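The values are calculated or read from the model by the stated rules, or taken from the named source; none is laboratory data. The structure displayed is predicted, hence computed values, not measured ones. Cβ coordinates were reconstructed from backbone atoms using ideal geometry, including for glycine residues, and neighbour counts include every protein chain displayed.
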Amino acid sequence: MKLHLTTAMALALMVSGPAFADMDAAKSFLDTEIGDLSSLSRADQEAEMQWYIDAAKPFAGMEIKVVSENIATHEYESKVLAPAFEAITGIKLTHDLIGEGDVVEKLQTQMQSGQNIYDAFVNDSDLIGTHWRYQQVRNLTDWMANEGADVTSPTLDLEDFIGLDFTSAPDGKLYQLPDQQFANLYWFRYDWFNDPAIKAEFLEKYGYELGVPVNWSAYEDIAEFFTGKNIDGQEIYGNMDYGKKDPSLGWRYTDAWMSMAGMGDKGEPNGLPVDEWGIRVNENSQPVGACVARGGATNSPAAVYAIDKAIDWLQKYAPPAAAGMTFSEAGPVPAQGNIAQQMFMYTTFVASLVEPGLPVMNDDGTPKWRLAPSPHGAYWEEGMKVGYQDVGSWTLMDSTPEDQAKAAWLYAQFVTSKTVDVKKSHVGLTFIRESTIQDDSFTERAPKLGGLVEFYRSPARVQWSPTGTNVPDYPKLAQLWWQNIGDAMSGAKSSQDALDSLCADMENVMSRLERAGVMGDLGPALNEEKDAEYWLSQPGAPKPALETTDEEPKTIAYDELIASWN
């Protein structure tokens, strides 16, 4: 990162010169920062930069503020790309980095007050249902064709973005532009799983081969097998997770844990009519309930199974401290070398897991671990999503004045442009473009990233998606999850009681939104309550309780899995 900061400072100094920079600043940026790490030729890079120089002239000297959460990708944007953009265009750019929850809070404040706090937000596409229903953000499809046409790059190439399905609403319009994208995947110690003595011991004890678990029954066996073992002088744990009653606990469950268990309906990118939050919508995409009594699934038998399993594995197979950890505290723990597998690894942590010298890295720079598709629970069916992808996306609020929105849109395109995206992706490992994923530089680097590149090049990636459009108000509903599930994690309530409270709380919020009428015909229209058995006897979700959730354990060899993708 030292080189990046040096480059950034040099570029920032250029801004003190002319009112707007010429091609010299762009060429310096391309020479010192981008080099060969671009999907464009040098001539095409310069042509793209020239377009930004020309398009930015009406806004030279304007001061713009944008905000994002503080992950590695956005740190690179803030410290390196923002100064470069300022030097190249003459637009004075401040890119603030704050916590994810704070981003949502600032966004909510701007929505409620109408005051322009930021000129653009990078916020999760989890809010797509909120943005579509409230209609307080610019519809990018129409805006790019009209008011924003003069500041929309001819080389933006929307078809190259892999996450547009996640940032588009049921009306077919694009509301957000992806900036960074990462998945939650299964993580495991490839070296231990391929150790002949360990494999033989596992086969003798369980009667099947140690490998990547396809279902939760196999994951549980593997967790039990490794927990308490002594390998290389350390006590090993067969599972890693977190359980502190904290806002990040909600992400642990809303980020598709319930769909991994099989709670919702089939459908890509999200289950319909019941999604991975257990919220049902009608044929007009209006939310009609979350509790089973209204046709939802948030407190269904499959949901209870999902929470029970997570708590059981956390207590039995994870380090004792894990129960008191948050998302950010738990993420780096596998790098310490005493974790055998983790069901729920956000790939944003990969950059911190490949540092030289870590106990989980080989001397040649290759990892001792691998990433693979997460196993699914007993209620899961083919055609359902099986994991989560976070898609942090550029969002332009209607409350932002037109000129400021245009200048911010130029920056949003600059940091996602083909010129810079390959280099940015090498820093943060959060892929948004197909051309970047297929770039030769990632073919070369793939062996050192433990399966991340293979996953993003595979057809499997479409089964991983963010929160969908069934959720009518993400900020209001998301906070209910960690508060209620925290009661189950602490033992204050049973999983059933906690989920009963959760779905009731969600329906109370949706009922208030329905009465307020702020979303018009897109808002909630709650079903009348019926006996639970009525809904449990209908096809799809909510699903009746299975006689047993103990499936026959199934594993697959990692190398065989990768070969099937190719």
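The set of residues in segment 319-365 that are in contact (Cβ under 8 Å) with a residue 60 or more places away in the chain, outside any strand (DSSP E or B), under 20 Å from F225 (Cα atoms) and out of contact with any Lys or Arg (no Cβ under 7 Å at 6 or more places or on another chain) comprises P319, A322, V333, P334, G337, N338. Is it the case that some residue within segment 176-196 is modelled with pLDDT of 95 or more and on the phi > 0 side of the Ramachandran plot? No, there is no match, as no residue in segment 176-196 is modelled with pLDDT of 95 or more and on the phi > 0 side of the Ramachandran plot. May I ask you to verify whether D157 is closer than 24 Å to L452 by Cβ, within 26 Å of the chain's Cα centre (by Cα) and not hydrophobic (A, V, I, L, M, F, W, C)? For D157, the condition - closer than 24 Å to L452 by Cβ, within 26 Å of the chain's Cα centre (by Cα) and not hydrophobic (A, V, I, L, M, F, W, C) - is met. For segment 91-109, the set of residues classified as of a type outside the set (D, E, K, R), more than 16 Å from D124 (Cβ to Cβ) and surrounded by fewer than 20 Cβ atoms within 10 Å (Cβ to Cβ) consists of T94, T109, listed by residue number. A residue that is at pLDDT 95 or above and either in a strand (DSSP E or B) or at positive phi (or both) occurs nowhere in segment 420-427.
For segment 432-465, filtering for residues that are of a type outside the set (V, I, T), in a loop (DSSP other than H, G, I, E, B), under 17 Å from the mean Cα position of the chain (by Cα) and modelled with pLDDT of 95 or more leaves 0. Restricting attention to segment 276-289, the residues that are under 13 Å from C503 (Cβ atoms) and assigned to a loop (DSSP other than H, G, I, E, B) total 3. Within the option set D102, D150, being assigned to a helix (DSSP H, G or I), among the charged types (D, E, K, R), at negative phi and over 26 Å from the mean Cα position of the chain (by Cα) holds for one residue only, D150.
Scanning segment 195-210 for residues that are assigned to a helix (DSSP H, G or I) and among the aromatic types (F, W, Y), which turns out farthest from D559 (Cα to Cα)? Only one residue tops the list, namely Y206.
The condition of being over 20 Å from T436 (Cβ atoms), assigned by TED's automatic domain parsing to the domain that holds G101 and surrounded by fewer than 23 Cβ atoms within 10 Å (Cβ to Cβ) holds for only one of D36, D24, that being D24.
Counting just the residues of segment 320-333 that are within 24 Å of D191 (Cβ to Cβ) and touching a helix residue (DSSP H, G or I) at 6+ places or on another chain (Cβ under 7 Å), which one comes out surrounded by the fewest Cβ atoms within 10 Å (Cβ to Cβ)? Ranking the candidates gives P332 first. Looking only at residues of segment 379-419 that are aliphatic (A, V, I, L, M) and either part of a loop (DSSP other than H, G, I, E, B) or closer than 20 Å to T73 by Cβ (or both), we find that the one that is modelled with the lowest pLDDT is V386. For segment 39-70, filtering for residues that are part of a strand (DSSP E or B) and either surrounded by 16 or more Cβ atoms within 10 Å (Cβ to Cβ) or not assigned by TED's automatic domain parsing to the domain that holds K27 (or both) leaves 6.
Tell me, yes or no, whether segment 77-90 has at least one residue that is surrounded by 21 or more Cβ atoms within 10 Å (Cβ to Cβ) and free of Cβ contacts under 8 Å to residues at least 40 places away in the same chain. Checking segment 77-90: at least one residue is surrounded by 21 or more Cβ atoms within 10 Å (Cβ to Cβ) and free of Cβ contacts under 8 Å to residues at least 40 places away in the same chain.
So that you can scan it fast, the table gives a plain yes or no per residue for (1) among the aromatic types (F, W, Y); (2) touching a residue at least 60 places away in the same chain (Cβ under 8 Å); (3) outside any loop (DSSP other than H, G, I, E, B):
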| residue | (1), (2), (3) |
| --- | --- |
| Q108 | no, yes, yes |
| M111 | no, yes, yes |
| N116 | no, yes, no |
| N123 | no, yes, yes |
| L127 | no, yes, yes |
| L156 | no, yes, no |
| E159 | no, no, yes |
| D165 | no, yes, yes |
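Say whether the condition of being outside the structural domain of P359 (by TED's automatic domain parsing), assigned to a loop (DSSP other than H, G, I, E, B) and touching a residue at least 40 places away in the same chain (Cβ under 8 Å) is met by at least one residue in segment 252-261. The answer is yes; a qualifying residue exists.
Going through segment 132-147 one residue at a time, which ones are part of a helix (DSSP H, G or I) and either in contact with a Ser or Thr (Cβ under 7 Å, 6 or more places away or on another chain) or among the small types (G, A, S) (or both)? W132, M144, A145 - these are the residues of segment 132-147 that are part of a helix (DSSP H, G or I) and either in contact with a Ser or Thr (Cβ under 7 Å, 6 or more places away or on another chain) or among the small types (G, A, S) (or both).
The single condition among (1) over 22 Å from Y456 (Cα atoms); (2) in contact (Cβ under 8 Å) with a residue 60 or more places away in the chain that K368 does not meet is (1).
Any residue that is surrounded by fewer than 24 Cβ atoms within 10 Å (Cβ to Cβ) and among the aromatic types (F, W, Y) - is there at least one of those in segment 436-448? Within segment 436-448, one or more residues are surrounded by fewer than 24 Cβ atoms within 10 Å (Cβ to Cβ) and among the aromatic types (F, W, Y).
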